[in-house]
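Here is the structure we will look at.
The values are calculated or read from the model by the stated rules, or taken from the named source; none is laboratory data. Just so it is clear, the model here is predicted, and its values are computed rather than measured. All Cβ positions, glycine included, derive from the backbone under ideal geometry; neighbour counts span all protein chains shown. Accessible surface areas use protein heavy atoms only, side chains included; no ligands, DNA or RNA. Shrake-Rupley method; radii C 1.70, N 1.55, O 1.52, S 1.80 Å.
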Amino acid sequence: MSARPGWRLRTAVFAATAALLSAGTLVGAAPATAAPAAVRLTSASCPGVIQQGQVSGCVTELQNLLNAHGAGLVVDGSFGAKTLYAVREYQASTAIAVDGLVGARTKAKLYATGGSAPAPVRLTSSSCPANIVQGDKGGCVTELQRLLRHFGYAIDVDGDFGPATNSAVRAFQSSNGLSVDGQVGPNTKRELYDTDESPSTALDLRSAACPSNIVQGQSGGCVATLQALLNGKGRHLDVDGEFGPLTLAAVRSFQYSAGIAVDGEVGPDTKSGLYANISTGGGNGAPAPVNLNSASCPGNIVKGQRGGCVTELQSLLNHHGADLAVDGDFGPLTDSAVRDFQAEKGLSVDGQVGPNTKAALYGAVTPPSTPAPGGGYGRMLDVAAAEVGTVEGSARANGYGSAVGLSLSTSNYAWCATFVSWVAKQTGASSYRSTYVSGWVKQARAGNYHLSVTSSPQPGDIVAFDWNGGNDYTGGHEHIGIVRTVSGGSGFTTVEGNTGNPNGGSDGVYVKTRSTGSGYDVLFIRVR
């Protein structure tokens, strides 16, 4: 993603500090006020919709559940700004309508995707034992289990190092050439973090990780989030983490339209405006999607209709590059997206989703019947570009794992290299498959699998990023994608999986603007 390494460290320090605060372990810290006892969200004691401003045991339970998914909240039973942000992030990651309201759908999903567990703590922090072993419990075990799931081990994330976790640790050690002792020591920890996961840009502008006033000249993850939020309000910025003149103009334009003092500085009022709710609905999400070709859907789906058929339609349009809120309501924006899609595909532009439009929406790139390794490099970009808009956690995105033998949801691991593997499989351009960026770099440098390193990138080439430098493409700070365009200078664009949505929301497959002179290492891989 577009966050810079320094901001990743800053975020990690902030998260670790929050975890310590939550545990009450900071030296000199005053004893925290005990949170209300947790109450199951689906009990009669909890309101139908839990929302910002409430203080209760229901909120305590909500915070525990969100922490089980990596939120890192202080569990105090008070539904404040940080809890609201965590709710929205969770809703986005699980394809629930993002409204920050915890209703029936959000409650059910929270329990279906795992019970409460201690907030994760980075294994290499001083809060974790040098060797984590069976019988241990707490946030360090939560983090261990989260990482093991990233590698495909189907274990519960409950913060309890039991027999299943022990078996997964041993299997992981065996598959990575480590001493198989079931103890998570320095070598095992290092290997667990040696993934293709890229730095996060999901920084809440209102958190202590971001300046009180974000101004022109600043850079990093807070600026990237600012740009994504501005795009969500109708602006059209490159999400590059650089607060330059265009971002300044967008901030001023937003402030003017929102009735905020136009000073170009992103302070408390501007931040509040950017995070203002854009929809309601009790957190129940959109109606469940229904296949457009089923008997449950009309022959022609048109503006004004609502329901699961529209949910499916909006999801499919997003798969083809639209940027719609998936709410099951066929309104003006959905109508416009349908017409744009029809024009692009050479269909009759009438805004009605009939048989021809449905067929085009379900059109998918299929692999050659007998792909010859090295022979399909010319189609790499076409195949990758057709996936733009595919959202993390969707059935389409989860299908990419078949290229590397994974059936894991993309919501549970870093999948940028899996996406590249899938593209290569569809085209037959290379027989190499890997979930590691370092693997692609190693094979290219060795000239294996029809891969080689090039200094003259072309559309359809592969590009690897090492965010923290060193040119080794290891350590959990790397990323990979497909070259889309080359400007002739240092700039280029890409199609990347497991990357940030330029308009905010869930990660997925998106077009990114990149540069070879942005403080991180870039390696171009020719596929021939």
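So that you can scan it fast, the table gives a plain yes or no per residue for (1) at pLDDT below 85; (2) touching an Asp or Glu at 6+ places or on another chain (Cβ under 7 Å); (3) under 20 Å from Q458 (Cα atoms); (4) open to solvent by less than 40 Å² (accessible area, probe 1.4 Å):
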| residue | (1), (2), (3), (4) |
| --- | --- |
| T370 | yes, no, no, no |
| P373 | yes, no, yes, no |
| M380 | no, no, yes, yes |
| A385 | no, no, yes, no |
| E392 | no, yes, no, yes |
| G399 | yes, no, no, yes |
| G405 | yes, no, no, no |
| A414 | yes, yes, no, yes |
| A417 | no, yes, yes, yes |
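Have a look at S434, S455 and point out the one that is of a type outside the set (D, E, K, R), in contact (Cβ under 8 Å) with a residue 60 or more places away in the chain, surrounded by fewer than 23 Cβ atoms within 10 Å (Cβ to Cβ) and on the phi < 0 side of the Ramachandran plot.
It is S455.
Can you go through T493, T474 and tell me which one is farther than 30 Å from L123 by Cβ and open to solvent by 10 Å² or more (accessible area, probe 1.4 Å)?
Going through T493, T474 in turn, just one is farther than 30 Å from L123 by Cβ and open to solvent by 10 Å² or more (accessible area, probe 1.4 Å): T493.
Any idea which of L110, L62 is outside any loop (DSSP other than H, G, I, E, B), closer than 22 Å to S506 by Cα, modelled with pLDDT of 90 or more and open to solvent by less than 10 Å² (accessible area, probe 1.4 Å)?
L62
Quick check, is A168 of a type in the set (G, A, S) and modelled with pLDDT of 70 or more?
Values: of a type in the set (G, A, S): yes; modelled with pLDDT of 70 or more: yes.
Here the answer is yes, as A168 does meet what is asked.
Please go through the range 447-464 and pick out each residue that is in contact with a helix residue (DSSP H, G or I) (Cβ under 8 Å, 6 or more places away or on another chain) and outside any loop (DSSP other than H, G, I, E, B).
Passing the criteria: L451, S452, V453, I462, A464.
Would you mention how many residues in the range 482-497 are free of Cβ contacts under 8 Å to residues at least 40 places away in the same chain and out of contact with any Phe, Trp or Tyr (no Cβ under 8 Å at 6 or more places or on another chain)?
Number satisfying all stated conditions: 8.
When the range 185-240 is examined, which residues are found to be in a loop (DSSP other than H, G, I, E, B), touching a helix residue (DSSP H, G or I) at 6+ places or on another chain (Cβ under 8 Å), at pLDDT 70 or above and under 23 Å from T83 (Cα atoms)?
L205, R206, C210, P211, S212
Sort through A30, A23, A16, A35 and tell me the only one that's open to solvent by less than 50 Å² (accessible area, probe 1.4 Å) and modelled with pLDDT under 80.
On the way: A30 fails: open to solvent by less than 50 Å² (accessible area, probe 1.4 Å); A23 fails: open to solvent by less than 50 Å² (accessible area, probe 1.4 Å); A35 fails: modelled with pLDDT under 80.
Result of the check over A30, A23, A16, A35: A16.
Taking the range 263-277, which residues are assigned to a loop (DSSP other than H, G, I, E, B) and open to solvent by 70 Å² or more (accessible area, probe 1.4 Å)? First the steps, then the outcome.
So the first thing to find is which residues in the range 263-277 are assigned to a loop (DSSP other than H, G, I, E, B), and the list is 263-265, 267, 275-277.
Hits for the range 263-277 are D263, E265, N277.
Does the range 305-327 contain any residue that is over 25 Å from V511 (Cβ atoms), among the aliphatic types (A, V, I, L, M) and either modelled with pLDDT of 80 or more or in contact with a Leu (Cβ under 7 Å, 6 or more places away or on another chain) (or both)?
Taking every residue of the range 305-327 in turn, at least one turns out to be over 25 Å from V511 (Cβ atoms), among the aliphatic types (A, V, I, L, M) and either modelled with pLDDT of 80 or more or in contact with a Leu (Cβ under 7 Å, 6 or more places away or on another chain) (or both).
Out of D99, D76, which single residue is part of a loop (DSSP other than H, G, I, E, B), open to solvent by 10 Å² or more (accessible area, probe 1.4 Å) and either charged (D, E, K, R) or at pLDDT 75 or above (or both)?
Testing whether each residue is part of a loop (DSSP other than H, G, I, E, B), open to solvent by 10 Å² or more (accessible area, probe 1.4 Å) and either charged (D, E, K, R) or at pLDDT 75 or above (or both) leaves just D76.
Looking at the range 344-365, which of its residues are surrounded by fewer than 16 Cβ atoms within 10 Å (Cβ to Cβ), in a helix (DSSP H, G or I) and under 30 Å from the mean Cα position of the chain (by Cα)?
Once the filter is applied, which keeps residues that are surrounded by fewer than 16 Cβ atoms within 10 Å (Cβ to Cβ), in a helix (DSSP H, G or I) and under 30 Å from the mean Cα position of the chain (by Cα), the range 344-365 yields E344, A359.
Pick out the one residue from A424, A444, A429 that is part of a loop (DSSP other than H, G, I, E, B) and closer than 23 Å to G375 by Cβ.
That would be A429, the only listed residue that is part of a loop (DSSP other than H, G, I, E, B) and closer than 23 Å to G375 by Cβ.
For S348, which of the numbered conditions (1) modelled with pLDDT of 85 or more; (2) closer than 24 Å to V420 by Cα fails to hold?
(2)
Hey, among the residues in the range 507-528 that are open to solvent by less than 20 Å² (accessible area, probe 1.4 Å) and within 15 Å of the chain's Cα centre (by Cα), which one's nearest to S421 (Cα to Cα)?
V509
Got a number for residues in the range 485-499 being touching a strand residue (DSSP E or B) at 6+ places or on another chain (Cβ under 7 Å), more than 24 Å from G393 (Cα to Cα) and not hydroxyl-bearing (S, T, Y)?
Residues meeting the conditions: 3.
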